[in-house]
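Heads up, the thing below is written out as structure tokens.
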Amino acid sequence: MNFIREVVWGVLGWVWLVITGLASIASWLGLPSGISDRERILVVVALASVLAAVMLLYRCHQIYAQVRAPVTVRKIADGKHHYLGSMVLILDRSNWIHAEQILVLLQTTDDVQTPLALLRVETFTTKKFPQCVVLRSLTNENLKDYLSDQSRWASMSVVPEIRSRFLEDNADVE
């Protein structure tokens, strides 16, 4: 439903505005009297179809780029109160992150992505930043000590793709 609301209705609104604007300008400038009503309607429909197709492709490309963009880590803190004993990761804003979503925390060094942990989006901060907790570690290192080093945060990102190997028992990981 969100796709229809964001893409189709938004594009149709712009197409309607452009076509009605062009029709009003064309009537103001005047068209040759030899053009029949059927030809005028055909030209308007053809222009509207081409414009709608171009705008739909552009909007779909924008959505694809937004969904595929990894989100960086903003802050990592020790949990208090409800999150006592767990780490809380605050991520940058993104329109594709939702509450209760499972994400993968990756570290990228020398063009190699290493999965560090599976995260669960618990809630959002008052400023709409996603707030996550570590669901499962995917590394043999002490994750709390590893993530507490702020110099590593710049190379960390979060993506929505969870591979089946991440869900397998990682006891044999070297």
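The values are calculated or read from the model by the stated rules, or taken from the named source; none is laboratory data. Quantities reported herein were computed from a predicted structural model and do not represent experimental measurements. Cβ sites come from the backbone with ideal geometry, for glycine too, and all protein chains shown count toward neighbours. Areas reflect the complete protein model, heavy atoms only, side chains present, ligands, DNA and RNA absent. Shrake-Rupley method; radii C 1.70, N 1.55, O 1.52, S 1.80 Å.
State yes or no: is Gln66 assigned to a helix (DSSP H, G or I), among the polar types (S, T, N, Q), at pLDDT below 75 and surrounded by 11 or more Cβ atoms within 10 Å (Cβ to Cβ)?
The answer is yes for Gln66.
Looking at the stretch 70-174, what strands (runs of 3 or more DSSP E) fall wholly within it and have at least 3 residues that are modelled with pLDDT of 85 or more and open to solvent by less than 40 Å² (accessible area, probe 1.4 Å)?
Qualifying strands (runs of 3 or more DSSP E): 87-91, 102-109, 112-124, 130-137, 156-159.
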